[in-house]
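Chemist: This is the structure I want to talk about, given as structure tokens.
We did not get these values from a lab; they are worked out from the coordinates using the rules stated. Note that the coordinates shown come from a computational prediction; the quantities given were computed from them, not determined experimentally. Reconstructed Cβ throughout: ideal geometry from the backbone, glycine too, with neighbour counts over all protein chains shown.
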Amino acid sequence: MSAARRRLLVLLLPLLWMAVFFLAPFAIVLSIAFAEAAEGLPPYAPLLRWVDGALTLQLNFQNLALLAEDSYYLDAYLLSLRVAAISALLCLLVGYPMALAIARAPERWRVPLLLLVILPFWTSFLLRITAWIGILQDQGWLNGLLLALGVIEAPLQLLYTEFAMYLGITYCYLPFMVLPLYASLVKQDPALLDAAADLGAPPWRSFLTITLPLSLPGIVAGFLLVFIPAVGEFVIPELLGGPGAQLIGRVLWTEFFQNRDWPLASALASVLLLALVLPIALFQWRFAGERRR
Amino acid sequence: MRRASRLALPLGLGFAFLYLPILLMVLFSFNDSRMVTSFTGFSTRWYAALWNNDALTGALFLSLRIAAVSATMATILGVLAGFALARFGRFRGRPLFAAVMAAPLVMPEVITGLSLLLLFVAMEQAFGFPAGRGASTVAIAHATFGAAYVAVVVQARLSELDASLEDAALDLGARPWAVFFQVTLPLAAPAVGAGWLLAFTLSLDDLVVASFVSGPGASTLPMVIFSAVRLGLTPELYALATLLVLAVSVALLLAWWLLRPRRA
């Protein structure tokens, strides 16, 4: 068997699997976005129908038109983008000093410290959100503590607020920020900082002119790793956010599970998908190209 | 050393942020009171209640089964993909293949879930397979995003090891398949094990994708927890969380031990 054949054989299984279970589904979502809602299961009319003895393609643009017209959906997209961006920034603010501390720690400490960052990510995400409900609710641990300390007179409304939602997203996505930041910070040559210090640069200056710019690929990677999944986040806004936190993941969930409007849910997913594929492709093109050089 | 000590504070605060909620859950799982807020006395009755909660334990065993099956499928797919990405050099279509293998890592779960459900429905209409939805469709969905994680871990490990051992085996006349099974795979074994564990825990943890692709009668653990949380917190959930934290800590320690650098 030739080498090329063998390679193809190795690639065949993952390639086929991903084509069927990852790429094909997107094509189907895109097509169902043009279907018409109908009674029955599945609750949509087929796109190809026999009309007067001829197979005709029936495209329904009303779902997409609704997304463009009804400001409810546009607002949900914009809110999702804003929440995801602010959350990614919060993760960066909390995660950067952590990643820097781990990267500058003695070598034998680095892996255990990294494992400590990852460990919560491996325990049930849903149950960790549950812990925050226990902390933030009116009769919760935080209100109890503040009342006992005499800081407040009456319990604060903490749960079901924007604050709780940002806290939850930052909490859950922090490892996705720390890992790429660490990976880029640990590669930096410490001699650069020594040279800067020898030349009289104060630490803040060498941080701003050396460490920070050199870690830019890590910052971008971490930002995208938090931002992209957070845009479609459903669980955290649902359990911690207020009724006003209608992010796109939540809107899609409601359209699908409560209203059983599969075509509209597909249209929502298609628009979100296209809005996200572009930055992923850009990132791949920009940084994958750089790494290869 | 002043630099290091200045960074210790944010690191400590970061870890407090990550672990305080978990510690509170562990503590309150041993609380005697039904209230999840004030500690009244030590008790293990929530663990007994958890054991007798058939909905939760049934869902746990279903989720464990799905996780084991999907992690194994994900490992087979991910090892092949990771091997190809690490060892085949630059082949035609590599950037696209790499992108498709990496995309599930960041894809919002609502998109993955909805699109896979529509695929399963379309497949059932066209071929009659899969007939209905349940544990098997959830396992297929989990294997798909699990494979992406396994591929990353395996590729990283194989890129660290240089290919000289494999080249030597080939030079000595070993057949390529024998080299893969007798040289490459044993070398990558720690990453393969870690990848399997990662896929396993991701499957065990998934709510959104499973909610879309599962069917009646196949409620996974996160689905049962989610509906329980919406009705209100109970210390039983904290007991469950404590057991999961314990299991994951042991598994992660094991993975760390497997992946630790060895001087040969």
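Chemist: If you wrap a convex hull around the Cα atoms of the range A:15-107, how much volume per residue is inside, in Å³?
Modeler: 186
Chemist: Roughly how tilted is helix A:125-136, in degrees to the nearest 10 and between 0 and 90, from the longest Cα axis of chain A?
Modeler: Between helix and principal axis, roughly 70 degrees.
Chemist: Compute the Cα gyration tensor for the range B:1-94, then decide on rounded, prolate or oblate, letting a ≥ b ≥ c be the square roots of its eigenvalues: rounded whenever a/c is under 1.5, prolate when a/b is larger than b/c in the other cases, and oblate in all that remain.
Modeler: Details: a/c = 5.43, a/b = 1.34, b/c = 4.06.
Here the range B:1-94 falls in the oblate category.
Chemist: Using a ≥ b ≥ c from the Cα gyration tensor of the protein assembly as shown (square roots of the eigenvalues), is it rounded, prolate or oblate, where a/c under 1.5 gives rounded and otherwise the larger of a/b and b/c decides, a/b for prolate?
Modeler: rounded
Chemist: Sticking with this one: Amide H of A:Glu36: which non-local residues (sequence gap of 5 or more, or other chain) have their own amide H closer than 5 Å, using H built in the peptide plane?
Modeler: A:Ala45
Chemist: What percent of all Cα-Cα pairs in the range A:70-260 falls in each 10 Å bin, counting up from 0?
Modeler: 9, 28, 28, 21, 11, 2, 0
Chemist: Continuing with the same structure: Using the charge dipole of the range A:70-260 (Lys, Arg: +1 at Cβ; Asp, Glu: -1 at Cβ; taken about the Cα centre), state which of A:Leu116, A:Gly242, A:Phe227 has its Cα farthest towards the positive end.
Modeler: It is A:Leu116, whose Cα lies furthest towards the positive end.
Chemist: Express in whole angstrom the spacing between the alpha-carbon centres of the range B:88-129 and the range A:13-64.
Modeler: 16
Chemist: Let me ask something else. Helix-only mean residue ellipticity at 222 nm, chain A, DSSP H runs n ≥ 4 weighted -39,500 (n - 2.57), per residue, nearest 500. What is it? List each step's numbers first, then the result.
Modeler: Numbers: 15 runs with 194 residues, N = 293.
Helix contribution divided over all residues of chain A: -21000 deg cm²/dmol.
Chemist: Still on this model: Please report, in whole Å, how far the alpha carbons of chain B spread along each principal axis, starting with the longest.
Modeler: Each principal axis gives a Cα extent; for chain B these are 70, 66, 30 Å.
Chemist: In degrees between 0 and 90, to the nearest 10, how far off the longest principal axis of chain B does helix B:94-106 point, with axes built from Cα atoms?
Modeler: Taking the Cα atoms of chain B, the angle to B:94-106 is about 10 degrees.
Chemist: A follow-up question, please. Any chance you could check the Cα centroid distance between the range A:152-189 and the range B:131-148 for me, in angstrom?
Modeler: Spelled out, the Cα-based centre of one part sits 30 Å from the other.
Chemist: Shifting gears a bit: State the answer as a single residue: which of A:Pro175, A:Leu252, A:Leu126 lies farthest towards the positive end of the charge dipole of chain A, with beta carbon charges of +1 for Lys and Arg and -1 for Asp and Glu, about the Cα centre.
Modeler: A:Pro175
Chemist: Moving to a separate point now. Among B:91-101, B:113-123, how do they line up by average Cβ neighbours within 10 Å per residue, starting with the highest?
Modeler: Packing order, densest peptide first, comes out as B:113-123, B:91-101.
Chemist: Relative to the longest principal axis of chain A, what angle (0 to 90°, nearest 10) does the C-alpha long axis of helix A:107-122 take?
Modeler: 30
Chemist: How big is the dipole moment of chain A about its Cα centre under a simple scheme where the beta carbon of each Lys and Arg is +1, that of each Asp and Glu is -1, and everything else is neutral? Debye, nearest 20, please.
Modeler: Around 1500 debye, computed over chain A.
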